[in-house]
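Accompanying notes for the structure given below.
The values are calculated or read from the model by the stated rules, or taken from the named source; none is laboratory data. As the structure is a computational prediction, the values presented were derived from the model and not from experiment. Backbone-built Cβ (ideal geometry, glycine too); neighbour counts: all protein chains shown. The protein model used for the area step is the full one, side chains on, heavy atoms only, and it has no ligands, DNA or RNA in it. Shrake-Rupley method; radii C 1.70, N 1.55, O 1.52, S 1.80 Å.
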Amino acid sequence: QVQLVESGGGLAQPGGSLSLSCTASGGTLNSYAMGWFRQAPGKKREFVAAISWSGGTTYYGDSVKERFIISRDNANNLVYLHMNSLKLDDTATYYCAAELLRVGTHEGEYDYWGPGTQVTVSS
């Protein structure tokens, strides 16, 4: 089984930047597509970004495109989410997820999940 753990969450100011990372164990990360999702209190979990196992294909949710960048370092079993031009409504718990062989934008397509890391954007 694959275990995922997120890190890098914290407090950021509107317009600022914050980078999250996800490390994997128990499997070969380069065999999995990776995704980031987020969930704010009282709201549904929503898609943020995804990247194919090779890194050649990426997808972004409409609310974060041109502001966030997903990347991966398969040699070190790491996936990143670089968050720029942060807004107040980016505040949420961010989750890393893995899907075997495929890249997707829907929560139900993913097989493994990390416990989440909190991101708070506040002035």
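Below is a table of values for the structure above.
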{"read-out": "Lone unmet requirement of (1) closer than 27 Å to SER122 by Cα; (2) open to solvent by 40 Å² or more (accessible area, probe 1.4 Å) for ARG102", "value": "(1)"}
{"read-out": "First in the stretch 59-70 and more than 13 Å from LEU86 (Cβ to Cβ), second anywhere and open to solvent by 70 Å² or more (accessible area, probe 1.4 Å), Cβ under 7 Å, 6 or more apart", "value": "GLY61/GLU46"}
{"read-out": "Positions within the stretch 19-50 being over 23 Å from THR91 (Cβ atoms), buried (at least 23 other Cβ atoms within 10 Å of the Cβ) and without any contact (Cβ under 8 Å) to a residue 60 or more places away in the chain, in sequence order", "value": "none"}
{"read-out": "Test: residue in the stretch 8-18 that is of a type outside the set (A, V, I, L, M), open to solvent by 30 Å² or more (accessible area, probe 1.4 Å) and not in a loop (DSSP other than H, G, I, E, B)", "value": "no"}
{"read-out": "Conditions (1) part of a loop (DSSP other than H, G, I, E, B); (2) of a type in the set (Gly, Ala, Ser); (3) farther than 15 Å from LEU18 by Cα: number failed by SER123", "value": "(3)"}
